[in-house]
Amino acid sequence: MALKTLSTFLSPLSLPKSKFPQHFLTTKPGPILCDFSRSQQSRLPAAESEGTGAAAPSPGEKFLERQQSFEAAKLILKENKKRTKKKESRVKAARNVASCYGCGAPLHTSDAVAPGYVDPETYELKKKHRQLRTVLCRRCQLLSHGEMITAVGGHGGYPGGKLFVTAEELREKLSHLRHEKALIVKLVDIVDFNGSFLSRVRDLAGSNPIILVVTKVDLLPRDTDLNCVGDWVVEATMRKKLNVLTVHLTSSKSLVGVTGVISEIQKEKKGRDVYILGSANVGKSAFINALLKTMAINDPVAASAQRYKPIQSAVPGTTLGPIQINAFLGGGKLYDTPGVHLHHRQTAVVQSEDLPSLAPRSRLRGLSFPRSLVSADNVEQGASIVNGLNAFSIFWGGLVRIDVLKVLPETCLTFYGPKGIHIHMVPTEQADEFYQKELGVLLTPPSGGENVDSWKGLESERKLQIKFEDVERPACDIAISGLGWFTVEPVRRSPKISQPKPVETTGELILVVRVPKPVEIFLRPPIPVGKAGAEWYQYAELTEKEEEMRPKWYF
């Protein structure tokens, strides 16, 4: 790629007008010098380097260079605006901005609380020895030690903390990707499958082929048959009409399924760059670390890349810019990308202090209500429960309220989500008073006095009418975006009841679910988890043509 001076990408023709006000550009500039890295200076002449030879930059390198150029322009314009107000001399020198290897934010020495900040002495020392690519910014150092530092605001951003970039700006950084020839690895969280799926993924990926990776399968309940789960995921993917090559069930913690993803990438990349895409906090950085760890066994390039790998954190929006990783012996690079921030997830409405409580850390266990019906040990022989859940309300922390208007006598709701968010059941007539009294006490999140005072409440309400047609299998799942799901299912009767009275097995159920705005509620076919899931799950009967069109799943 031809070398360009900084004045080239500071010209009015090359900068989007909506991003840089005109008065920035018309101000008389001071002398600016560009300090490009040695690797850029040693490239071939422009005529040859823009071609298709071996030394030509890859599409991924051009993509990254464009992002760094824009970041350099933004930093210089911001600094010159400050200096103009203070009547100080303008910036005398600048460079093509290097990025933090942990989060992808441009490195700087101006704002100590901003992403990408580096101590000036460290910056000058690393710059002198041409080691800026080995620098981790202060924010990443704090995140790696468990600090919860948000940096993203705007539509789909997160409340609390100082905000430095909007969700729209992060998404814009991926806009060029749909025009590149690349291989897309799209990540989805199995605990929040619907909420993390990225329904507009084609706007980012274009016509590029997609490998779908389902993460965190190690969190599913014990005895879950992954064959059933794989088939369920493929069915859900086919309904979204995406051109997915293969589906992989993986765990970045236990490394389950990672080898299969590596084999598929090596088979399909064909010299192209590989981009890891997904919603914020879906586990992209953790997956990349697992990928490098597995590849490093046989690949010295991947082993070397492990030294400078992306930072993992519970804060959505940890990665703020594309991060290039030299992970392959052959052609093509691996890129970690900023997470796409989705405003309809619970993580977008809670404060940063409550974010860790939304992330399950151990295997999920279904918690059923009402519990007395599940055990049935205290039910006399031949007896039946008359009322069940009718006229009761269930609170899932302070984030979800379910009012049961009408259910069959032997219906129960089984919840799958983070263990730190407790569930409480009260009569509906007492529900309003209970919520006001216990918000921030028993019902958390939100937690903490200030967070409770600023909490807007459960403003969004959805009435669900559910058909219950088969007592042998669950009716449906109701998924809460960014939290988990609960299953509407029949009560498993105790074997101690030898001659139970006949009960209703079909009918209509009516629930009212309340969540904060703008959190979404998804009604979906039940996911087959646990030992019971393998018993009731039914595989679809497919023709030979349909079987060929469906992507295969692996774990």
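Determine if segment 96-108 includes at least one residue that is open to solvent by 70 Å² or more (accessible area, probe 1.4 Å), modelled with pLDDT under 90, among the β-branched types (V, I, T) and farther than 30 Å from R200 by Cα.
Taking every residue of segment 96-108 in turn, none turns out to be open to solvent by 70 Å² or more (accessible area, probe 1.4 Å), modelled with pLDDT under 90, among the β-branched types (V, I, T) and farther than 30 Å from R200 by Cα.
Out of the residues in segment 423-479 meeting the condition of being under 29 Å from the mean Cα position of the chain (by Cα) and farther than 20 Å from G398 by Cβ, tell me which one is most open to solvent (accessible area, probe 1.4 Å).
K463
I'd like the residue in segment 100-133 that is aliphatic (A, V, I, L, M) and assigned to a helix (DSSP H, G or I) and, out of all such residues, is farthest from A151 (Cα to Cα).
The residue in question is L125.
What number of residues within segment 388-443 are of a type in the set (G, A, S) and within 18 Å of R365 (Cα to Cα)?
Total meeting the criteria: 3.
Would you mind finding the one in V258, V214 that is under 30 Å from L542 (Cβ atoms), crowded, with 17+ Cβ neighbours inside 10 Å, free of Cβ contacts under 8 Å to residues at least 40 places away in the same chain and over 17 Å from the mean Cα position of the chain (by Cα)?
V258
Of the residues S196, S207, only one is within 22 Å of G283 (Cβ to Cβ) and modelled with pLDDT of 80 or more; which?
Working: S207 fails: within 22 Å of G283 (Cβ to Cβ).
The match here is S196.
Do you know which residues across segment 270-302 are under 20 Å from N194 (Cβ atoms) and either of a type in the set (G, A, S) or surrounded by fewer than 23 Cβ atoms within 10 Å (Cβ to Cβ) (or both)? Walk me through it before giving the result.
Our first condition is that a residue be under 20 Å from N194 (Cβ atoms); within segment 270-302, this holds for 277-284, 287.
Matches in segment 270-302: G278, S279, A280, G283.
Taking the stated definitions as given, is G420 open to solvent by 10 Å² or more (accessible area, probe 1.4 Å), in a loop (DSSP other than H, G, I, E, B) and among the small types (G, A, S)?
For G420, the condition - open to solvent by 10 Å² or more (accessible area, probe 1.4 Å), in a loop (DSSP other than H, G, I, E, B) and among the small types (G, A, S) - is met.
Taking the stated definitions as given, is L125 surrounded by fewer than 20 Cβ atoms within 10 Å (Cβ to Cβ) and either over 27 Å from the mean Cα position of the chain (by Cα) or at pLDDT 90 or above (or both)?
yes
Out of (1) open to solvent by less than 40 Å² (accessible area, probe 1.4 Å); (2) at pLDDT below 90; (3) within 34 Å of the chain's Cα centre (by Cα), the odd one out for G388 is which?
All conditions pass for G388, except number (3).
Any residue at all in segment 491-511 that is among the charged types (D, E, K, R), open to solvent by 20 Å² or more (accessible area, probe 1.4 Å) and at pLDDT 85 or above?
No, segment 491-511 contains no residue that is among the charged types (D, E, K, R), open to solvent by 20 Å² or more (accessible area, probe 1.4 Å) and at pLDDT 85 or above.
Return yes when V188 is part of a helix (DSSP H, G or I), open to solvent by less than 10 Å² (accessible area, probe 1.4 Å) and modelled with pLDDT of 95 or more and no when it is not.
no
Can you name the residue in segment 303-323 that is open to solvent by 40 Å² or more (accessible area, probe 1.4 Å) and not in a helix (DSSP H, G or I) and, of all such residues, is farthest from A167 (Cα to Cα)?
K309
The values are calculated or read from the model by the stated rules, or taken from the named source; none is laboratory data. As the structure is a prediction and not an experimental result, all values here were calculated from the model. Positions of Cβ are generated from backbone atoms using ideal geometry, with glycine treated the same way; all protein chains shown enter the neighbour counts. What goes into the accessible areas is simple: the full protein's heavy atoms, side chains included, and nothing from ligands, DNA or RNA. Shrake-Rupley method; radii C 1.70, N 1.55, O 1.52, S 1.80 Å.
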